[in-house]
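Computed from the coordinates by the stated procedures, all read-outs in this text should not be read as laboratory data. Since we're looking at a predicted model, the values are computed, not measured. Cβ placement follows ideal geometry from the backbone for every residue including glycine, while neighbour counts extend to all protein chains displayed.
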């Protein structure tokens, strides 16, 4: 059964709803209104406020009447050494707690420094002491960020990690050994030259040698006909330059040939003689043979221009004398062949200029060239009067016409006439009349200005 107060409140509310009266809800003593209903009043604690049949509690409290302090999983108000706040908090009653975690200690990677390293700083992470080990312990040296056990480098070497970086000439872990070289020469002897390669062994510097090149020294023994002009030692070999000719040999075009006894003024050219005119043979010992043996041409003959030397004798070639006016070239355009002359194997021609006496050198005005005639190098023509165009006449233009063109045919003058027509008076600057000239077909061929008579 409903309690009396609640029942009264419900019935009272229904009365106002059904009666249509809109008035504020009033709860009975000991009840409070919440969201349009009356609820029995509660005794909320610690600052809580009633909402219906329960209390809304402030931070840190819970329970129906906010009578209980909220339970927290951590109860710390400040983080101790080795810890740092996570950022999370918890309220329990009137107490505010913070959540803590072990300090990150970034860069502190050790709890005990590795061999060769020593602590450079420390950091507490919770209950653990964490170390930063960036320094090298006594008896160790740092190289490229790492610590290596110190070693005693010799001969000026410097420690580089777990071994020594050695100066030139030394090697071994401690630079204790002199470097071995494949050659141990400090200077190149006769016949040798330095390659440019060097090798340091301990404190000694050696150079590499090779047999001297002796460029241009191509022989160890000179070929037949040649003799030594210079020598060069290449290693243990003597090399020769053989640019000179040996006795009994002469040079021609850079080569040596056995000397010849050229006759009749000939000069040696390689393995034979270069002979003067009139002589032949390997030694110029033979007189040249000529197909003609005449020293002068007789009557009725003349020299061709060809000559032949045989030994010390000079001969001329002769032919029958060519009559005047004859030429070896055939007659060209503008000429007529009138005779030929044969001398030996040659033919000669007599040519005269063509007869163009019936032709003229040029046609005058009023004439057209019809036929051409070439006499020697000069051109001649036959001429005829020009053909008169249609519409031209030799008669004078009649009344009302004026000549508008003329044409010359032969020695005659022909005219083309146009009618003279007055169009009207025109007040131009000369106060003259305009006249238009037409040809016989009615085409306008001229316009004239003139004064009125």
Exercise. If you take the residues of region 181-199 that are under 47 Å from the mean Cα position of the chain (by Cα) and over 18 Å from residue 212 (Cβ atoms), which of them is surrounded by the most Cβ atoms within 10 Å (Cβ to Cβ)?
Worked result: 199
Problem set entry | Matching residues in region 206-229 - criterion: being in contact (Cβ under 8 Å) with a residue 24 or more places away in the chain, closer than 30 Å to residue 183 by Cβ and assigned to a loop (DSSP other than H, G, I, E, B) | 214, 216, 217, 218
Exercise. Which of the residues spanning region 382-409 are part of a loop (DSSP other than H, G, I, E, B) and exposed (fewer than 14 other Cβ atoms within 10 Å of the Cβ)?
Worked result: 387, 389, 390, 394, 395, 396, 398, 399, 400
Exercise. Can you tell me how many residues in region 141-154 are buried (at least 17 other Cβ atoms within 10 Å of the Cβ) and either farther than 30 Å from residue 203 by Cβ or without any contact (Cβ under 8 Å) to a residue 24 or more places away in the chain (or both)?
Worked result: 2
For this session: State which residue is surrounded by the most Cβ atoms within 10 Å (Cβ to Cβ) when the search covers only region 361-381 and only residues that are in a loop (DSSP other than H, G, I, E, B) and free of Cβ contacts under 8 Å to residues at least 40 places away in the same chain.
Result: 363
For this session: Just need a number here: residues in region 322-345 that are part of a loop (DSSP other than H, G, I, E, B), in contact with a strand residue (DSSP E or B) (Cβ under 9 Å, 6 or more places away or on another chain) and loosely packed, with under 14 Cβ neighbours inside 10 Å.
Result: 8
Problem set entry | Residue list for region 265-280, restricted to those being in contact (Cβ under 8 Å) with a residue 24 or more places away in the chain and either surrounded by fewer than 18 Cβ atoms within 10 Å (Cβ to Cβ) or not in a strand (DSSP E or B) (or both) | 277, 278
Problem set entry | Given (1) surrounded by fewer than 13 Cβ atoms within 10 Å (Cβ to Cβ); (2) closer than 30 Å to residue 192 by Cα, index of the condition residue 240 fails | (1)
Problem set entry | Subset tally (residues that are surrounded by 16 or more Cβ atoms within 10 Å (Cβ to Cβ) and within 24 Å of residue 191 (Cα to Cα)) for region 243-264 | 0
Problem set entry | Matching residues in region 382-394 - criterion: being in contact (Cβ under 8 Å) with a residue 12 or more places away in the chain and more than 25 Å from residue 357 (Cα to Cα) | 387, 388, 389, 391, 392, 393, 394
Exercise. Could you say whether any residue in region 110-126 is loosely packed, with under 14 Cβ neighbours inside 10 Å, on the phi > 0 side of the Ramachandran plot, in a loop (DSSP other than H, G, I, E, B) and free of Cβ contacts under 8 Å to residues at least 40 places away in the same chain?
Worked result: no
